[in-house]
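Report on the following structure.
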Amino acid sequence: MPTRRHVIADDLRHQISSGHFKSGERLPAETQLATHYKVSTSTVRNALALLQAEGLVDKIHGSGNFVHRPLRRITYTGGAAEPAPWAAFSAHLRLTARTTSIEAPSNLTTLLNLPPRSPLTEVLFTTCKEKTPHGLAHIYVPHDLAPATSRLPEQIAVRLVDRRPSAAEVQERISARLPTQEEAESLRISPSLAVLSLTRVTTDSTGRVIEAALLVLPGDRTDALFTTRFVTEERSSKK
């Protein structure tokens with residue numbers, strides 16, 4: 001026998017598929033739905049969680065539950081061709097940036113191969129397509145390679161590249177996970193929506209890590225593309 005949460009989820013699913021609730025529309029508040037279905041708010045939340053898991057509903061912290069709006073997907077192009085991670089997207093994105101001086105915590109000392117509490121500069125980029133957030137990028141560089149202070153995100157991005165030595169190697173590791181609460185709020189996504197978590201480490205010819213980038217990309221609007229090119233040598237046949 002179906003539980004109340006499944007009955008409620010089925011009814012809301014039908015209303016969404018029939019167009020009663022349209023794409024991007026805010027659903028009634030959980031308390032209103034609880035009154036309408038004559039159940040507790042916890043039962044309503046459980047029903048909505050089923051629809052969130054199916055990708056039909058997005059729960060936005062502090063705003064409510066919304067019918068999922070299909071978003072234009074962009075592509076992150078992996079590999080060392082682009083000198084900076086924010087330049088590796090298939091679409092032009094608007095940047096906002098915040099620069100902070102920090103002492104490296106343990107996870108970053110390992111990543112950047114630095115002594116504990118080494119001075120670092122953190123630049124947090126938020127990328128947007130029109131008004132929709134498309135990703136977070138935490139960029140960490142040794143303090144001596146930090147760019148001069150600027151109020152313009154584009155200038156900070158350019159100076160980050162200009163200040164560092166030439167890159168000899170870029171390693172990228174990608175995984176899927178659920179966002180933290182802070183990430184979900186910044187990206188305005190449901191905590192149940194998976195994100196692509198990408199760690200990009202850039203080293204120079206001496207093996208020194210000159211930049212570490214930690215990117216968080218919503219899974220409903222981002223693809224990752226990695227291309228491998230092979231160089232073949234033509235062998236002339238001997239007569």
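No value in this document is a laboratory result; all are computed from the given coordinates. Because the structure is a prediction, the values reported are computed rather than measured. All Cβ positions, even for glycine, are placed from backbone atoms using ideal geometry, and neighbour counts span all protein chains on display.
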Karplus-derived 3J(HN,Hα) from phi for the range 199-204 (6.51 cos²θ - 1.76 cosθ + 1.60, θ = phi - 60°), whole Hz, x at Gly and Pro, runs 10, 10, 10, 10, 10, 8
Here FRET efficiency (C-beta to C-beta, Lys22 to Arg72, R₀ 22 Å, nearest 0.05) is 0.75
Rh (Kirkwood, all Cα-Cα pairs) for the chain, Å, reads 20.5
Simple spin-label estimate for Thr3/Ser175, 7 Å along Cα→Cβ, in nm, reads 3.0
Along the dipole axis of the chain (charges at Cβ: +1 for Lys and Arg, -1 for Asp and Glu; origin at the Cα centre), the most positive-end residue among Ala137, Gly78, Leu27 is Leu27
So the angle from the long Cα axis of helix 4-17 to the longest Cα principal axis of the chain, reported in degrees to the nearest 10, equals 70
With only helices counted (DSSP H, runs n ≥ 4, each -39500 (n - 2.57)), the per-residue ellipticity at 222 nm for the chain, to the nearest 500, works out to -7500 deg cm²/dmol
